[in-house]
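Take a look at the structure set out below.
The values are calculated or read from the model by the stated rules, or taken from the named source; none is laboratory data. Since the structure is predicted, the reported quantities are computational estimates derived from the model, not experimental observations. Neighbour counts are summed over all protein chains in view; Cβ atoms, including those assigned to glycine, are modelled from backbone coordinates with ideal geometry. Each accessible area value is taken on the protein alone, full model and side chains, heavy atoms only, with ligands, DNA and RNA left out. Shrake-Rupley method; radii C 1.70, N 1.55, O 1.52, S 1.80 Å.
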Amino acid sequence: MSHAPLRLHVPEPSGRPGHSTDFSYLRLSAAGEVRRPPIDVSPTDTGELANALVRVLDEQGRAIGPWDPRLDVQQLQSGLRAMLKTRAYDARMLIAQRQKKISFYIQCLGEEAIATAHTLALQDGDMCFPTYRQQGLLLARDDIAMVEMMCQAMSNERDPMKGRQLPVLHSYKRAGFFTVSGNLATQFIQAVGWAMASAIQGDTKIASAWIGDGATAESDFHTALTFAHVYRAPVILNVVNNQWAISSFQALAGGESTTFAARGVGCGIASLRVDGNDFLAVLAASQWAAERARQNLGPTLIEWVTYRAGPHSTSDDPSKYRPADDWERFPLGDPIARLKQHLVGLGAWSEQEQAQVQQELEAEVLAAQKEAESHGTLLDGHIPSAATMFDDVYAQMPEHLVRQRQEMGV
């Protein structure tokens, strides 16, 4: 029998510049439609959850279905403020980069709900292993000063990392925010190892690992899933599917004919696919996964379906590879607008309050920026002293380093 020549399949994005994107590939579920299984559900029984989409907020902004976390008004308002604060911070840092006050920046525009809501499901002592797009984990807290984060972005004299990290690669042990790595996917296996250590020590702390859709093609992702499954590590495995990894569409990482959440089920891990632009769905799914980990029931993989509204970084021009109006047409909408609509529907928010809070937060961010700039920016050369390169290496500096520092005259 003769056969036609084989052809290699190369995935194509569903939209290119000058053409509208067909978002039918997303496989959406109606709000409130997806079941909420018990905490101790078998991983094999979450297969349908890995292919459906957990949603709470419907098109009218009502919270419906079994995943509704039933937050009170104050908690909802705090969540909205956290997202608004994160977006205001990003906007100011983008402007600062364009003014050459910082070298580089990465926004999380359109993804604010994921990190800010997830934070509420964690406890003191838990450890996040984030990527460079989870600044919301820090900005949603009250104990991390924006000034300090900005000083690192500006690489100035008050930079807590002393110029040793890129502007967005933060590190806050006290906030459970593991040092961000510029090498993609490394943090995923590190989080599983940390969670395994917590279990070995008989502790009660859990880990939260973060990765983007593109980096799931790295071997560390698959290694992390294997170790998490085998040792039932108390870890939440977060896959932020924002449809684009720089200029590569999510299909090139394997998201074309299946979901990223389905990979977890295949590895024996309980898995969920969640509307990442629905603050309530994000919180409910995060709480569910955290409780599984705390009850020693093992890991949970969550695919957060969202859209990167802005460029990958300040070095990227997305107009070269995708339609300019994609974010406005994305079926899951804007997370801030959706939670605002919910609060307005409850009679607990108004356009006037929205404008006032936004103005207050923008003033707060601007004041923090001015304070950070008083310690220097890239424009004025107020950077950490060269002497700091010798710090934090040894508890007691050895003689040969003392001599080298003296020779440098610092």
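Got a sec? Which of Gln369, Gln359 is closer than 30 Å to Asn242 by Cα, in a helix (DSSP H, G or I) and either open to solvent by 30 Å² or more (accessible area, probe 1.4 Å) or β-branched (Val, Ile, Thr) (or both)? Quick ask: steps written out before the conclusion?
Working: Gln369 fails: either open to solvent by 30 Å² or more (accessible area, probe 1.4 Å) or β-branched (Val, Ile, Thr) (or both).
Going through Gln369, Gln359 in turn, just one is closer than 30 Å to Asn242 by Cα, in a helix (DSSP H, G or I) and either open to solvent by 30 Å² or more (accessible area, probe 1.4 Å) or β-branched (Val, Ile, Thr) (or both): Gln359.
Please enumerate the residues belonging to the range 134-151 that are buried (at least 21 other Cβ atoms within 10 Å of the Cβ), in a loop (DSSP other than H, G, I, E, B) and of a type in the set (Gly, Ala, Ser).
Within the range 134-151, Ala140 is the sole residue that qualifies.
Restricting attention to the range 152-211, which residues are out of contact with any helix residue (DSSP H, G or I) (no Cβ under 8 Å at 6 or more places or on another chain), touching a residue at least 40 places away in the same chain (Cβ under 8 Å) and in a helix (DSSP H, G or I)?
Gln187, Gln190, Trp194
Given (1) among the basic types (Lys, Arg); (2) crowded, with 24+ Cβ neighbours inside 10 Å; (3) over 20 Å from the mean Cα position of the chain (by Cα), where does Arg308 come up short, assuming only one miss?
Result: Arg308 fails condition (3) only.
Can you tell me which residue among Ala285, Ala251 is surrounded by fewer than 21 Cβ atoms within 10 Å (Cβ to Cβ) and outside any loop (DSSP other than H, G, I, E, B)? So that I can check it myself, show each step before the final result.
Numbers: Ala285 fails: surrounded by fewer than 21 Cβ atoms within 10 Å (Cβ to Cβ).
Criteria check complete, one pass: Ala251.
Taking into account only those residues within the range 175-188 that are at pLDDT below 95 and not polar (S, T, N, Q), which is surrounded by the fewest Cβ atoms within 10 Å (Cβ to Cβ)?
Residues of the range 175-188 that are at pLDDT below 95, as a first pass: 181-184.
Okay, now just the ones that are also not polar (S, T, N, Q), so 182, 184.
Numbers: Gly182: 11, Leu184: 19.
The extreme case among them is Gly182.
Would you mind finding the one in Val10, Val54 that is among the aliphatic types (A, V, I, L, M) and either touching an Asp or Glu at 6+ places or on another chain (Cβ under 9 Å) or within 16 Å of Arg273 (Cα to Cα) (or both)? Steps first, please.
On the way: Val10 fails: either touching an Asp or Glu at 6+ places or on another chain (Cβ under 9 Å) or within 16 Å of Arg273 (Cα to Cα) (or both).
Only one candidate qualifies: Val54.
Being at pLDDT below 95 and assigned to a loop (DSSP other than H, G, I, E, B) is the filter here, so list the residues in the range 316-356 that pass it.
Selection gives Ala324, Asp325.
Would you check which residues across the range 288-298 are part of a loop (DSSP other than H, G, I, E, B) and open to solvent by 10 Å² or more (accessible area, probe 1.4 Å) and list them? Please lay out each step first, then the result.
First, the residues of the range 288-298 that are part of a loop (DSSP other than H, G, I, E, B): 295-298.
Gln295, Asn296, Leu297 - these are the residues of the range 288-298 that are part of a loop (DSSP other than H, G, I, E, B) and open to solvent by 10 Å² or more (accessible area, probe 1.4 Å).
So how many residues does the range 334-347 have that are surrounded by 15 or more Cβ atoms within 10 Å (Cβ to Cβ) and either more than 18 Å from Thr306 (Cα to Cα) or aliphatic (A, V, I, L, M) (or both)? Show your work before the answer.
To start, the set of residues in the range 334-347 that are surrounded by 15 or more Cβ atoms within 10 Å (Cβ to Cβ) comprises 334-336, 338-344.
Then drop every residue that is not either more than 18 Å from Thr306 (Cα to Cα) or aliphatic (A, V, I, L, M) (or both), which leaves 336, 339, 341-344.
Adding up the residues that qualify gives 6.
Can you name the number of the only condition in (1) at pLDDT below 95; (2) buried (at least 22 other Cβ atoms within 10 Å of the Cβ); (3) among the charged types (D, E, K, R) that Asp278 fails?
(1)
Is there a residue in the range 388-410 that is over 27 Å from the mean Cα position of the chain (by Cα), closer than 30 Å to Ser78 by Cβ and assigned to a helix (DSSP H, G or I)?
At the first step, the residues of the range 388-410 found to be over 27 Å from the mean Cα position of the chain (by Cα) are 388-410.
Restricting the remaining residues to those that are closer than 30 Å to Ser78 by Cβ gives none.
No, there is no match, as no residue in the range 388-410 is over 27 Å from the mean Cα position of the chain (by Cα), closer than 30 Å to Ser78 by Cβ and assigned to a helix (DSSP H, G or I).
Against the definition (touching a Leu at 6+ places or on another chain (Cβ under 8 Å) and surrounded by 20 or more Cβ atoms within 10 Å (Cβ to Cβ)), how does Met83 come out, yes or no?
yes
How many residues are in a loop (DSSP other than H, G, I, E, B), open to solvent by less than 90 Å² (accessible area, probe 1.4 Å) and touching a residue at least 24 places away in the same chain (Cβ under 8 Å) if we restrict to the range 1-26?
Final tally of qualifying residues: 8.
Pairs needed: first member in the range 113-125, at pLDDT 95 or above; second member anywhere, among the β-branched types (Val, Ile, Thr); C-beta distance under 7 Å; at least 6 residues apart or different chains.
These pairs meet every condition: Ala113/Val282; Ile114/Val240; Ile114/Val282; Ile114/Thr306; Thr116/Thr86; Ala117/Val282; His118/Val282.
Take the conditions on the phi > 0 side of the Ramachandran plot, free of Cβ contacts under 8 Å to residues at least 60 places away in the same chain, small (Gly, Ala, Ser) and assigned to a loop (DSSP other than H, G, I, E, B) and apply them to Gly376. Does it pass?
Details: on the phi > 0 side of the Ramachandran plot: yes; free of Cβ contacts under 8 Å to residues at least 60 places away in the same chain: no; small (Gly, Ala, Ser): yes; assigned to a loop (DSSP other than H, G, I, E, B): yes.
Spelling it out, it is not the case that Gly376 is on the phi > 0 side of the Ramachandran plot, free of Cβ contacts under 8 Å to residues at least 60 places away in the same chain, small (Gly, Ala, Ser) and assigned to a loop (DSSP other than H, G, I, E, B).
For the range 372-405, what are the residues that are surrounded by fewer than 16 Cβ atoms within 10 Å (Cβ to Cβ), of a type in the set (S, T, N, Q) and at pLDDT 90 or above?
Ser374, Gln396, Gln404
Tell me, which residue of the range 311-333 that is among the hydroxyl-bearing types (Ser, Thr, Tyr) and more than 19 Å from the chain's Cα centre (by Cα) is surrounded by the most Cβ atoms within 10 Å (Cβ to Cβ)? Let's see the steps before the verdict.
At the first step, the residues of the range 311-333 found to be among the hydroxyl-bearing types (Ser, Thr, Tyr) are 313-315, 319, 321.
Still in the list and also more than 19 Å from the chain's Cα centre (by Cα): 315, 319, 321.
Numbers: Ser315: 12, Ser319: 10, Tyr321: 16.
This residue is Tyr321.
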